[in-house]
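Let me begin by presenting the structure, written as structure tokens, before commenting on it.
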Amino acid sequence: MLTHKGTVEIKTERLLLRRFTLDDVQPMFENWANDERVTRYLTWEPHKEIEVTKCLVGIWCNDYDNPEHYCWAMELDGQPIGSISVVHFDERSDRAELGYCMGYDWWGKGIMTEAITALVDFLFAEVGCNRLEIVHLIENPASGRVAQKCGFTKEGVRREYFNKNGAFHDDVFYALLKKEWLAGKGEGK
């Protein structure tokens, strides 16, 4: 059974995972939301106008009263550089799917791996998840490498599962079980 905590502040060696505020609209728009390189493999298109970003951040901020809402701004050196969230829960199976994106300037520095590792620890230890999942388009193998670095196991490919702009794409899914996470922490199997 899940014990929802909502979007609580999480600190890592380099990052602060925190709730979004309306002050994040401009840096989010500039750092990642309007960048086609970032959104190329995501379910949403780059924001053409800052008003789109403002609306989205406003929705997230309004949802923070809900303890089942998990959406963090990834802050590095005082500025938001990306987002990480739980995009789906299955309460019956104590399962959650993670979604994330980050500005292009911060790719390849181990930052997303650091953020996901912290979120994995929180969701298993505090929320009580039994299974965590990450799904990415097959054309984005870097996301798969992040999942693997965080201990997730590739489970399969869903063929032509996702339609973006009229083109069908395969996606790859990964999972990490609580017992695997515990074993990796030296707490048994």
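For this structure, a couple of remarks:
- 10 Å-binned pair-distance histogram of region 88-189 (Cα, whole percent): 14, 44, 32, 8, 1
- Charge tally for Thr3 (other residues, Cβ to Cβ under 12 Å; Lys, Arg +1; Asp, Glu -1): -3.
- Counting neighbouring Cβ atoms within 10 Å and putting the fewest first, the residues His136, His69 line up as His69, His136.
- Here the label points at Phe168 and Val8, each 7 Å from Cα along the C-beta direction, are separated by 4.4 nm in the simple model.
- This ranking places Ser93, Ser85 by how few other beta-carbon atoms lie within 10 Å of each, fewest first, which gives Ser93, Ser85.
- Along principal axes, Cα extents of the chain, largest first, whole Å: 49, 36, 32
- What the Cα atoms of region 36-146 give is an Rg and a Dmax of 14.4, 39 Å.
- Measuring against 32 Å, Cα to Cα, the residue pairs Lys5/Lys48; Lys54/Lys179; Lys48/Lys178; Lys54/Lys109; Lys5/Lys149; Lys5/Lys54 contain Lys5/Lys48; Lys54/Lys179; Lys48/Lys178 as the ones spanning a longer distance.
- Between region 115-137 and region 1-76, the Cα center-to-center distance that results, in Å: 17 Å
Just so you know, all these numbers are worked out from the coordinates, no wet-lab data involved. Please read these numbers as outputs of a predicted model, since none were measured by experiment. As a convention, Cβ positions derive from the backbone with ideal geometry for all residues, glycine included, and neighbour counts pool all protein chains shown.
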